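Everything on this sheet refers to the single structure shown next.
Values quoted throughout were computed directly from the atomic coordinates according to the rules given, and no laboratory measurement underlies them. Remember, predicted model here, so these are calculated numbers, not experimental data. With ideal geometry, Cβ positions are generated from the backbone for all residues, glycine too; neighbour counts draw on all protein chains shown.
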Ligand code: FAD
């Protein structure tokens, strides 16, 4: 009751949505339906991923441009530095600035197989972008530690370097237990990290895919989540959606009560669950 009472008093929650460039005609339709459905919720921004080493940067840019033109919502490209020279990155940043883009999600990107060193880390990209123009910069943060980081403290200091290089916001890797996020937020504050730390919320509908993804991103999947999906038929989309929405709603309720004011949704280009969760949070079209 207390949770629901405090939720009904919420008025000032910001949301943002993440999409990826579609790879087929059918995925293209799904994406634009989702953008149209979510835009009236007046998100702070909609961001579009760029798969490092995928060569899809132009597609990222096309989606970003169209989101902005079609909806008026601020559209934010992700940019990775692992697969581009400094000169290329400067040029891309300048082009983005010239087309009116003011926020960028700055990332290193995953290292290609067999490579274990890189010339640039995300903190270097943040500095480079700030040198080109006064972008608002979001970076990635890992409440359960980035898989490559030698320990959690080292990873936290890396986040601090990204803040000191000029980032203003960190979006977290997804997680399931709200206390994982809250502890991380406290540790970041104790380390003097001056960033808005925004929880990345992944509404889960496909448990098998989640387990695979969580494995290589170092995200702990709690036993209770496994139990929720256990025994469900693959084709039972309705039940899976209801369960996924319920899990994410419980998660954001706790976080909202702990004072979180901005939620970032990994939509996977779908709108149903994110829309329902945002509605519960008080967002209205
Ligand atoms: P960094 O912050 O550079 O950190 C990478 C690793 O290097 C960490 O382990 C860090 O501790 C370590 N490190 C940092 N500096 C040093 C140093 N000087 N010496 C040694 N080690 C160091 N990937 C994509 O390809 N495209 C996307 O669009 C995309 N979007 C994302 C959005 C979010 C919100 C998140 C959380 C991740 C996203 N990713 C994306 C994944 C990301 O690219 C990978 O997790 C990547 O492996 C690390 O990127 P980073 O920006 O966190 O790197």
Under the Kirkwood approximation for Rh and a Cα-based Rg, what ratio Rg/Rh is obtained for region 139-179? 0.97
Can you tell me the 0 to 90 degree angle between the C-alpha axis of helix 152-164 and the longest principal axis of the chain, rounded to 10? 60
Under the definition of Cα pairs under 8 Å and six or more residues apart, what whole-number percent is the relative contact order of the chain? 23
Taking 0.36 nm per intervening residue step and subtracting the Cα-Cα distance, what contour gain separates residue 179 from residue 27 on full extension? 51.3 nm
Only counting other Cβ atoms within 10 Å, I'd like 116, 131 sorted with the fewest neighbours first. 116, 131
Regarding region 69-161, what are the three Cα extents along the principal axes, ordered largest first, in Å? 42, 27, 23
Name the most mobile residue of 226, 68, 262, meaning the one with the largest mean-square fluctuation, in a Gaussian network model of the chain with Cα contacts below 10 Å. 226
Helix 57-71: angle to the longest alpha-carbon principal axis of the chain, degrees 0 to 90, nearest 10? 60
May I have the convex hull volume per residue, in Å³, for the Cα set of region 130-285? 134
Please work out, to two decimal places, the log10 of the ratio I(q)/I(0) at q = 0.09, 0.15, 0.16, 0.17 Å⁻¹ from a Debye calculation in which every Cα of the chain carries one identical scatterer. -0.42, -1.26, -1.45, -1.63
Counting other beta carbons within 10 Å of each Cβ, put 27, 120 in order, fewest first. 27, 120
Beyond 19 Å, the calculated P(r) of region 181-270 holds a percent of Cα-Cα pairs equal to 48
Here P(r) for region 195-248, Cα-Cα distances in 10 Å bins, as whole percents, is 21, 53, 21, 4, 0
Given the DSSP H assignment, sum -39500 (n - 2.57) over each helix run of at least 4 residues in the chain and divide by its residue total; what's the result at 222 nm in deg cm²/dmol, nearest 500? -14500 deg cm²/dmol
Mind sorting 255, 125 by how few other Cβ atoms lie within 10 Å of their own Cβ, fewest first? 255, 125
Quickly work out the residue 233-to-residue 62 label distance, labels modelled 7 Å from Cα along the C-beta direction, and quote it in nm with one decimal. 3.9
Would you mind checking the tilt of helix 178-190 against the longest principal axis of the Cα atoms of the chain, expressed as 0 to 90 degrees and rounded to 10? 40
